[in-house]
Amino acid sequence: MGNKIYYFTGTGNSMRAARIIADKLGDAEIISMRTDPKEESARDCDVVGFVFPVYHWTMPAYAAAYVESLEINPKAYVFAIAMPSFVCGIACETLANILKKKRIRLSYGNLVYSVANYAIVYPPFPPAKLRVPATEKKLKAIAEDINARKLRAYPRASSFIRRRREKVMVPYLKLQQYADNPFTISDACVSCGLCSRVCPCSNIELVEGKPTFRHHCTNCMACVVSCPKRAIGYEIKGEDRALLDSSSSKTPIVKIMGLPKNRKLYRNPYITAADLTKDREFYKAKIENSYDRTN
Ligand SMILES: Cc1cc2nc3c(=O)[nH]c(=O)nc-3n(C[C@H](O)[C@H](O)[C@H](O)COP(=O)(O)O)c2cc1C
Ligand code: SF4
Ligand code: SF4
């Protein structure tokens, strides 16, 4: 038996959250959802956690598909932490519904407001120096809750958000298949391959030294914020502009997409680009914990 926390991340907020909770639990493993869920069973786990960003007012489709394919102990204490910047929408209930189909109950659900990272749409906000300390504080409190196996009803969307989502976000999600068309690679690229190694969706392949995008991108921003030469741009032009505009009448977000060269980029300050390439980490019980147990 053991504890496993699965995370999906682009810019490290969710990985940081998984680390903080794992650190508190001790004897926990954190596993990236970039792994193969068939090889990462949680069948024998006491505690199973899921940590993920919020995309378009729901759980990232890639993370949802991962949980669908994962085997989970039906008796486990299962928790979910969503990491939105402002609107969590139906993220937690989407996960709860996937679990329900597996006859698994979500014991604890919570959300932690984090720095907004969608670099091809806006600069990071609120400023990291203001939001990160608040995020850290809340995560530590959540880690205490989970360590004590507290029960908590997961956050749900209001009926207003639900209606707006159907109108604004659902049509936008239909454009996801074109999400990586506008990526550009400048001459500054040194073919180091880091963008490919950080991508949680195996969406980047180096062809003759040049990153090429394989059209199953979630726009997670990992490649953009990790490139040491800032060689990755985003520019909607020509046919893509016509395609995206025509299918996006209710999704004005497309109209402001782009990546100015001087835009500030964000990655969680506790997470490095090398961390984003990892598939797993182990957290052993702390020495003071074992001391407590023997006294
Ligand atoms: C493609 C995309 C869509 C996003 N949509 C939302 C959203 O609907 N609501 C929200 O609050 N934040 C949204 N965000 C912000 C992220 O959820 C937030 O910054 C998150 O903490 C990033 O987590 P990560 O660092 O683990 O990738 C979006 C970010 C991206 C990249
Ligand atoms: S990380 Fe940047 S420099 Fe390295 S291969 Fe990718 S685009 Fe090129
Ligand atoms: S290609 Fe870049 S933005 Fe798209 S999923 Fe991979 S790392 Fe994220």
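The values are calculated or read from the model by the stated rules, or taken from the named source; none is laboratory data. Fair warning: this is a prediction, and the values are worked out from it, not measured in the lab. Here the Cβ is made from the backbone with ideal geometry for all residues, glycine too, and neighbour counts use every protein chain on show. Note: areas computed on protein heavy atoms with side chains; ligands, DNA, RNA excluded. Shrake-Rupley method; radii C 1.70, N 1.55, O 1.52, S 1.80 Å.
Residue-wise, which Karplus ³J(HN,Hα) couplings in Hz belong to region 196-212, taking 6.51 cos²θ - 1.76 cosθ + 1.60, θ = phi - 60°, and x for glycine or proline?
Calculated HN-Hα couplings, in order: 5, 6, 8, 4, x, 10, 6, 9, 10, 10, 8, 10, 6, x, 10, x, 10 Hz.
Leaving out ligands, DNA and RNA, what percent of the accessible area of region 34-193 is carbon and sulfur, probe 1.4 Å?
54 percent
Under 10 Å, Cα contacts only: if you run a Gaussian network model on the chain, which one of Glu39, Glu71, Glu205 comes out with the highest mean-square fluctuation?
Glu39
Who wins for biggest fluctuation among Ser158, Ser107, Ser85 in a Gaussian network model of the chain, springs between alpha carbons below 10 Å?
Looking only at Ser158, Ser107, Ser85, the biggest GNM fluctuation is shown by Ser158.
To the nearest 10 square angstrom, how much accessible area does Ile256 have with a 1.4 angstrom probe?
Ile256 has an accessible surface of roughly 100 Å² with all protein chains in place.
Lys/Arg Cβ at +1, Asp/Glu Cβ at -1, dipole of the chain taken about the Cα centre: which of Ile98, Tyr234, Phe125 is farthest positive-ward?
Phe125
Determine the calculated [θ] at 222 nm for the chain from helices alone, applying -39500 (n - 2.57) to every DSSP H run no shorter than 4 residues and normalising by the residue count; nearest 500 deg cm²/dmol.
Computed mean residue ellipticity for the chain: -9000 deg cm²/dmol.
Please give the per residue accessible area of the chain, computed with a probe of 1.4 Å over protein heavy atoms only, in Å².
Ligands and nucleic acids excluded, the result is 49 Å² per residue.
Please pull out the direction-averaged projected area of region 1-131, using the convex hull of its alpha-carbon atoms, in nm² to one decimal place.
Mean projected area of the Cα convex hull: 7.6 nm².
With charges only on Cβ, +1 for K and R and -1 for D and E, what is the dipole size of the chain about its Cα centre, in debye, rounded to 20?
Computed charge dipole of the chain: roughly 1040 debye.
Around Phe125, which amide H atoms from residues at least 5 apart in sequence, or from another chain, sit under 5 Å from its own amide H, with H modelled in the peptide plane?
Ala116
Which pairs in the list Lys100/Lys278; Lys167/Lys237; Lys38/Lys167; Lys129/Lys150 are over 27 Å apart, alpha-carbon to alpha-carbon?
Lys100/Lys278; Lys38/Lys167; Lys129/Lys150
State the antiparallel share, in %, of DSSP beta bridges confined to the chain, rounding to the nearest 5.
If we restrict to bridges inside the chain, about 35 percent are antiparallel.
Under 17 Å from the Cα of Lys261, which aspartates and glutamates turn up, not counting those fewer than eight places away in the same chain?
Asp187, Glu235
Name the residues whose placed amide hydrogens come within less than 5 Å of the amide hydrogen of Met83, ignoring near sequence neighbours (fewer than 5 apart) on the same chain.
Close amide H contacts, sequence-distant or interchain: Phe52, Val54, Val112.
What whole-number distance in Å separates the alpha-carbon centres of region 2-40 and region 52-127?
Spelled out, the Cα-based centre of one part sits 13 Å from the other.
Using the Cα atoms as the points, what is the convex hull volume per residue of the chain in Å³?
Each residue corresponds to 136 Å³ of Cα convex hull volume.
Mind ordering 41-52, 223-234 by average Cβ neighbours within 10 Å, highest first?
41-52, 223-234
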